[in-house]
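To start, the structure under review is shown below, and the notes come after it.
The values are calculated or read from the model by the stated rules, or taken from the named source; none is laboratory data. The structure presented is a predicted model; accordingly, all values stated were derived computationally and were not measured. All Cβ positions, glycine included, derive from the backbone under ideal geometry; neighbour counts span all protein chains shown. Please note that ligands, DNA and RNA were not included when accessible areas were found on the heavy atoms of the full protein model with its side chains. Shrake-Rupley method; radii C 1.70, N 1.55, O 1.52, S 1.80 Å.
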Amino acid sequence: MDRKILLSLLGAALLSFVAVLLLMPEPVDDGVDRRPWQVSLDASGHSLVFGFVLGRTSLAEVRQVLQEEGELNLFHHPGAALPFGAEAYFEQIELERLRADMVVTLAVDQAELSGMYDRGLRISQLGSGAKKVKLDPADAATLAAAPIRDISYLPKVKLDDSLIEQRFGRPVKKLTEAKTGVLHWLYPERGIDIGRDTKGHAVIQYVNPSDFDALVIPLLESQ
């Protein structure tokens, strides 16, 4: 290949790489401790994690911190006690130099979510039997002001027993799902459930301690 052409191609590739770097959001560093094991309770018993207060911090505030819009969807689970749920999924976020995916569930009345379901633009059937609804833009804007109810944090790093205990302390109880073999480390006083499979992949769920029983009941029923 001609040397001038090669240099031009290399120059163009370098400029494209620099442009991508400039467009990538900087890791969040605002002085707030957002490590996943730093969980505390406010005076009202609400969990404070990642700088978010469960039941109070809005989706819009989460988006501002994460510098991402996330993928917002409404789900319908026919036959469930709470059939409707609104979630925002954030992929490949970075907090405190730790990479993870994050799902936040919104605290919204079932009747309001039912109306949003009826106004949905498109409904997709999932393999689990649930339905995923693409929201009307006006309803999506309304949900931005809704408070987050709980958080599911999916770290990219694998977790072992020693690392979990070092960071989160000893659990009050451990439960193993019979069908999947997933081991759950339970911290009811802080509203934390760490579910880890046999390969070390983990999902860390955060709820307010007052909601912890609802999180654990399905695990107890699976025993």
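By the rule of a C-alpha distance below 18 Å, with chain neighbours fewer than 8 residues away ignored, the lysines paired with Lys158 are Lys199.
Among Pro83, Leu72, Pro137, which residue has its Cα furthest toward the positive end of the charge dipole of the stretch 27-156, with +1 on Lys/Arg Cβ and -1 on Asp/Glu Cβ? In the stretch 27-156, that residue is Pro83. The trypsin sites (Lys or Arg not before Pro) of the stretch 116-209 that meet both conditions, a loop assignment by DSSP and at most 16 other Cβ atoms within 10 Å of the site Cβ, are Arg119, Lys156, Lys158, Lys179, Lys199.
Any idea what angle helix 3-23 forms with the longest principal axis of the chain, computed on alpha-carbon atoms, 0 to 90 degrees, nearest 10? In the chain, helix 3-23 runs at an angle near 30 degrees to the longest axis.
The stretch 57-122 to the stretch 172-211: how many Å between their Cα centroids? Their Cα centres are 21 Å away from one another. Taking Glu87, Glu69, Glu189, Glu221 and ordering them by how much accessible surface each has at a 1.4 Å probe, largest first, produces Glu221, Glu69, Glu189, Glu87. With semi-axes defined as the square roots of five times the eigenvalues of the C-alpha gyration tensor, the equivalent ellipsoid of the stretch 133-223 measures 28, 15, 14 Å, largest first.
Between the residues Val172, Leu126, Gly31, the greatest Cα displacement towards the positive end of the dipole of the chain, with unit charges on the Cβ of Lys, Arg, Asp and Glu, is found for Leu126.
Average accessible surface for the stretch 32-105: 48 Å² per residue, computed with a 1.4 Å probe over protein heavy atoms with every protein chain in place.
This model, with +1 at the C-beta of Lys and Arg and -1 at the C-beta of Asp and Glu, gives the chain a dipole about its Cα centre of some 660 debye.
Share of carbon and sulfur in the accessible area of the chain stands at 55%, probe radius 1.4 Å. The residues neighbouring Ser124, those whose beta-carbon lies less than 10 Å from its own, together hold a net charge of +4 under the Lys/Arg +1, Asp/Glu -1 convention. For the pair Leu163 and Ser128 in one chain, pulling the backbone fully straight at 0.36 nm per residue adds 9.3 nm over the alpha carbon distance.
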